[in-house]
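**Q** Here it is: the structure, laid out below.
Where a number appears in this text, it was derived from the coordinates with a stated rule and is not lab data. Note that the structure is predicted; figures quoted are calculated from it, not measured. When we count neighbours, we look across all protein chains shown, and the Cβ atoms used for this are built from the backbone with ideal geometry, even at glycine.
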Amino acid sequence: MTTHVFKPDMPPPGNRIGIVAWARANLFSSWLNTLLTLFAFYLIWLIVPPLLSWTILDANWVGSTRADCTKDGACWVFIQQRFGQFMYGYYPTELRWRVDLSVWLAVIGAAPLFISRFKHKAIYGLGFLVVYPILAYSLLHGGHWGLTNVATSQWGGLMLTLVIATVGIAGALPLGILLALGRRSDMPAIRVVCVTFIEFWRGVPLITVLFMSSVMLPLFLPEGMNFDKLLRALIGVILFQSAYVAEVVRGGLQAIPKGQYEAAAAMGLGYWRSMGLVILPQALKLVIPGIVNTFIALFKDTSLVIIIGLFDLLNSVKQAAADPTWLGMATEGYVFAALVFWIFCFGMSRYSMHLEHKLDTGHKR
Amino acid sequence: MKQLKSTLALATAAIVLSVSGFAHAGATLDGVKKKGFVQCGVSDGLPGFSVPDKNGKILGIDADICRAVAAAVFGDATKVKFSQLNAKERFTALQSGEVDVLSRNTTWTSSRDAGMGMVFAGVTYYDGVGFLVNNKLGVKSAKELDGATICIQAGTTTELNVSDYFRANNLKYTPITFDTSDESAKSLESGRCDVLTSDKSQLYAQRTKLANPNDYVVLPETISKEPLGPVVRKGDEDWFSIVKWTLFAMLNAEEAGITSKNVVAEAKSTKNPDVARLLGADGEYGKDLKLPKDWVVQIVSQVGNYGEVFEKNLGKSTPLAIDRGLNALWNNGGIQYAPPVR
């Protein structure tokens, strides 16, 4: 008896698999698609080769003066020469290790918070939030423990951008949460104060806040009393951003079903405990995208301090481009600044996605 | 850079005046001596006038004026701290006492001199609005610019100056305004406009940004007066005199041929009575200004005379390569003239 043996399956026809089939299905499925595809290819051909040759192939990488930039492409020598200034501003060169050290302290100090097996996250995290700013401030500003004082007017570059952004975020988040709770409070006095605060700060542009803090405020202070410019800007940024955070958090609070509030009350939890243990954890998780959105906007808004003469990354670039020996290098500088900003903002948005994923408890639709 | 002339600045100044009283004469000098340094307001980056180098040291003619003041007061040109100010905050910074002297390419005008609680101590640089054109156009004078397309930086008084000039000469033009000087330089290069207009000192800086600077030429006409100089608070005559005479001393030193190289030797051995008075070898002219006897020696030896400072920051040896022009001494074809020390 012969066993019936099936012939092996024939492979799918050639025009159904592989890159050709994919291209047919996705790029050339109709005459309109074909037209759009060709147009897109034309655009790529127009943009990519010149871009590549400007940024990489024809670019000048080595040298130390403008005269070394002999090729047609970008002159990255400029970035290389001014790199220290873009990163640290006018922070004295021999003291820059202090900036590096504070960054490393932040990275190492915050690392346990990202290890899921680490047990005492809440206590450690709070402790870190209290200790680190004091430590970082002492390191950066100096003036005691044998460290030379470095006035904030010498801070600049990416370092200043990061200082403003992190202080802004760390200050605005707790303040924003309190404001959101206050706005939903049953106590009229607190509610009125919070609503007024939020609506006031949301109603003015950040640029106005900064401008007022640097141009108007000094006029009302007694002569000779110099309120640190950076501090003024930081306070302005925190107050301004906290109003936005408050509204985002309020959105989260309103999304929590009433049953949760009642359940917490039925358990005998008081106001702070029901908020802290039941409501806020759920609400904050819901509004992670909104909060991160606000913080990304804040990070980019730090470049507005240009208006009050602080030298953040963007302003350092602008200023370096005004150096007579490097005139005409503004494009390279701005491209570099854009790249740095993009790296940080993209990093933040990826982290927020990771956080959402980790905290997801199946409510996502 | 006349952006600073914005109405906002004026409004701010008006408020300032109503809020803060005037200091008594000599308050600034006392304050400066107590602090141990001169707090000097400079621009936030203007080629040749004040711009930080790689190490953050501020270079430029505006910055050197402040160094000279420090040299006169303390005998040490390094005893100066710089505040980099943008156009909007500069007057507030001076009025509120944040800076002792504002040396920030600020045009001397009647409203600023009389109406804002401050006084100009002199002119460090005679500037004016000019035109930068491509050689190919074959234009030799601004009068031939009828029908030209002109790149202007928005929000500056240059806009006003250009429109006044063209109306007065019955010429037509098409303005294209840009926010930054980099954009306008690119537009001139790409041919979007025939002419680039700005303060002459800045046109030279703009020219170095172009791929082939030698293809472009700055036209001889200057269509507005922009005397730039240091500013101090009103009502403080001692300090005002020190800043004013620091500038005069630098000019007098150049006129007398005193340079940073020979000043020390000249102070000891000069036979010329003018030079002897200037350098403190004869008489006590420093005392009238509440300055040490050798104040001019300190200024010239540490910072240089006016000509040296000009050459170092703006002159032929720099990428800007600006002619002395109006800024030459009066006996050399220019209008820089200083009263004598005696």
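**Q** Between helix B:200-209 and chain B, what is the angle of the helix's C-alpha long axis to the longest principal axis, kept within 0 to 90° and rounded to the nearest 10?
**A** Tilt relative to chain B: about 60 degrees.
**Q** Can I ask one more? Could you tell me the distance between the Cα centroids of the range B:93-136 and the range A:258-305, to the nearest Å?
**A** If we compute the Cα centre of each part, the gap is 52 Å.
**Q** Oh, and also: Going by alpha carbons, how many degrees (0 to 90, nearest 10) lie between the helix axis of B:237-255 and the longest principal axis of chain B?
**A** The answer is roughly 80 degrees.
**Q** What is the distance in Å between the Cα centres of the range B:278-300 and the range A:1-42?
**A** Rounded to whole Å, the Cα centres lie 93 Å apart.
**Q** Summarise the partner chain shielding of A:325-338 as one whole number: the mean count of Cβ atoms from other chains within 10 Å of each residue's Cβ.
**A** Per residue, the average neighbour count from other chains is 4.
**Q** Continuing with the same structure: Once you have the alpha carbon radius of gyration of chain A, what is it after dividing by 2.2 N^0.38 Å, with N set to its residue count?
**A** Relative to the rule-of-thumb radius for its length, chain A sits at 1.33.
**Q** Among the lysines, select those whose C-alpha is under 16 Å from the C-alpha of B:K143, and discard any that sit fewer than 8 residues away in the same chain.
**A** Within reach: B:K172.
**Q** Would you mind checking the radius of gyration and Dmax of chain B based on alpha-carbon positions, in Å?
**A** My reading of the Cα-based Rg and Dmax gives 20.8, 62 Å.
**Q** Then there is this: For chain A, with a Gaussian network of springs between Cα atoms less than 10 Å apart, report the residue from A:V248, A:V317, A:V48 with the top mean-square fluctuation.
**A** Maximum among the listed residues: A:V48.
**Q** So how strong a dipole does the range A:194-337 carry about its Cα centre when Lys and Arg Cβ are +1 and Asp and Glu Cβ are -1, to the nearest 20 debye?
**A** 460
**Q** Also: Could you give each residue of the range A:141-156 its phi-based ³J(HN,Hα) in whole Hz, using Karplus coefficients 6.51, -1.76, 1.60 with θ = phi - 60°, and x for Gly or Pro?
**A** Values per residue, Gly and Pro as x: 8, x, x, 8, 6, x, 8, 5, 6, 10, 5, 5, 5, 8, 6, x Hz.
**Q** Using only helices, what value at 222 nm comes out for chain B when you add -39,500 (n - 2.57) per DSSP H run of length 4 or more and divide by the total residues, to the nearest 500 deg cm²/dmol?
**A** Taken over chain B, the calculation gives -11000 deg cm²/dmol.
**Q** Shifting gears a bit: What shape does the range B:129-218 have by the C-alpha gyration tensor, where a ≥ b ≥ c are the square roots of the eigenvalues, rounded means a/c under 1.5, and otherwise prolate means a/b greater than b/c and oblate the rest?
**A** Judged from the Cα gyration tensor, the range B:129-218 comes out oblate (a/c at least 1.5, b/c at or above a/b).
**Q** Further question: Using the Karplus equation 6.51 cos²θ - 1.76 cosθ + 1.60 (θ = phi - 60°), what ³J(HN,Hα) coupling, rounded to whole Hz, does each residue of the range A:275-280 give in order, writing x for Gly and Pro?
**A** 5, x, 9, 10, 7, 4
**Q** Which cross-chain or sequence-distant (5 or more) residues have an amide H under 5 Å from the amide H of A:A322, H modelled 1.01 Å from N in plane?
**A** none
**Q** Further, regarding this structure: Could you tell me, in Å, what Rg and Dmax come out for the Cα atoms of the protein assembly as shown?
**A** Computed over the Cα atoms of the protein assembly as shown, radius of gyration and Dmax are 31.5, 135 Å.
**Q** Which value, in nm² and rounded to one decimal, describes the direction-averaged projected area of the C-alpha convex hull of the range A:136-193?
**A** Computing the convex hull of the Cα atoms and averaging its projections yields 5.8 nm².
**Q** Still on this structure: Can you compute the modelled spin-label distance between A:V5 and A:L101, with each label point 7 Å from Cα toward Cβ, in nm?
**A** Modelled inter-label distance: 7.8 nm.
**Q** Arranged by the count of other C-beta atoms within 10 angstrom, fewest first, what order do B:T107, B:T197, B:T259 take?
**A** So the ranking, lowest neighbour count to highest, is B:T259, B:T107, B:T197.
**Q** Shifting gears a bit: Once Lys and Arg get +1 and Asp and Glu get -1 on their Cβ, which of A:V130, A:F227, B:I176 lies farthest toward the positive end of the dipole of the protein assembly as shown?
**A** A:V130
**Q** Give a quick list of trypsin sites (Lys or Arg not before Pro) in the range B:202-304 that DSSP marks as loop, anything other than H, G, I, E or B, with at most 13 other Cβ atoms within 10 Å.
**A** B:K261, B:K271
**Q** Of the options B:Q39, B:F131, B:A321, report the single residue whose Cα projects farthest towards the positive end of the charge dipole of chain B (beta-carbon charges: Lys, Arg +1; Asp, Glu -1).
**A** Value: B:Q39.
**Q** State the answer as a single residue: which of A:W201, A:I56, A:T34 lies farthest towards the positive end of the charge dipole of chain A, with beta carbon charges of +1 for Lys and Arg and -1 for Asp and Glu, about the Cα centre.
**A** Going by the charge dipole, the pick is A:T34.
**Q** Which whole-Hz couplings ³J(HN,Hα) result when phi for each residue of the range A:166-172 is put into the Karplus expression 6.51 cos²θ - 1.76 cosθ + 1.60, θ = phi - 60°, listed in order with x for Gly and Pro?
**A** Each residue's phi maps through the Karplus curve to give 5, 5, x, 5, 5, x, 6 Hz.
**Q** If amide H atoms are built 1.01 Å from N in the plane of the peptide, which residues on other chains or at least 5 residues away come under 5 Å of the amide H of B:I152?
**A** B:I176, B:T177, B:F178
**Q** So how tilted is helix B:7-19 from the main axis of chain B? Cα-based, degrees 0 to 90, rounded to 10.
**A** Helix B:7-19 and the main axis of chain B meet at about 30 degrees.
**Q** Would you calculate, for chain A, the mean residue ellipticity at 222 nm contributed by helices, counting each DSSP H stretch of 4 or more residues as -39,500 (n - 2.57) and dividing by all residues, to the nearest 500?
**A** Value at 222 nm, helices only: -20500 deg cm²/dmol.
**Q** Taking only the alpha-carbon atoms of the range B:265-330, what semi-axes of the equivalent ellipsoid follow from 5 times the gyration tensor eigenvalues under a square root, in whole Å, largest first?
**A** Equivalent ellipsoid semi-axes, largest first: 28, 12, 11 Å.
**Q** Still on this model: Evaluate the charge dipole of the protein assembly as shown about its Cα centre and quote only its size in Debye, nearest 20, assuming +1 on the Cβ of each Lys and Arg and -1 on the Cβ of each Asp and Glu.
**A** It comes to approximately 1980 debye.
**Q** Given H placed on each backbone N at 1.01 Å, which residues far from A:G63 in sequence or on other chains put an amide H within less than 5 Å of it?
**A** none
**Q** Now for a different question. Take the eigenvalues of the Cα gyration tensor for the range A:14-57, scale each by 5, and report the square roots as semi-axes in whole Å, largest first.
**A** 28, 14, 4
**Q** With the crude spin-label approximation of a point 7 Å out along Cα→Cβ, what separation in nm comes out for B:K54 versus B:N169?
**A** 4.3
**Q** Pull up the cross-link candidates among the lysines for A:K285, meaning alpha carbon to alpha carbon under 24 Å and not fewer than 8 places away within one chain.
**A** A:K119, A:K121, A:K258, A:K300, A:K358, A:K364
**Q** Translational D (Stokes-Einstein, µm²/s) of the range A:78-170 at 10 °C and 1.306 mPa s when Rh comes from the Kirkwood sum over C-alpha pairs?
**A** 110
**Q** Turning to a different aspect of this structure: Using the C-alpha atoms of the range A:169-291, what convex hull volume per residue, in cubic angstrom, is computed?
**A** 122
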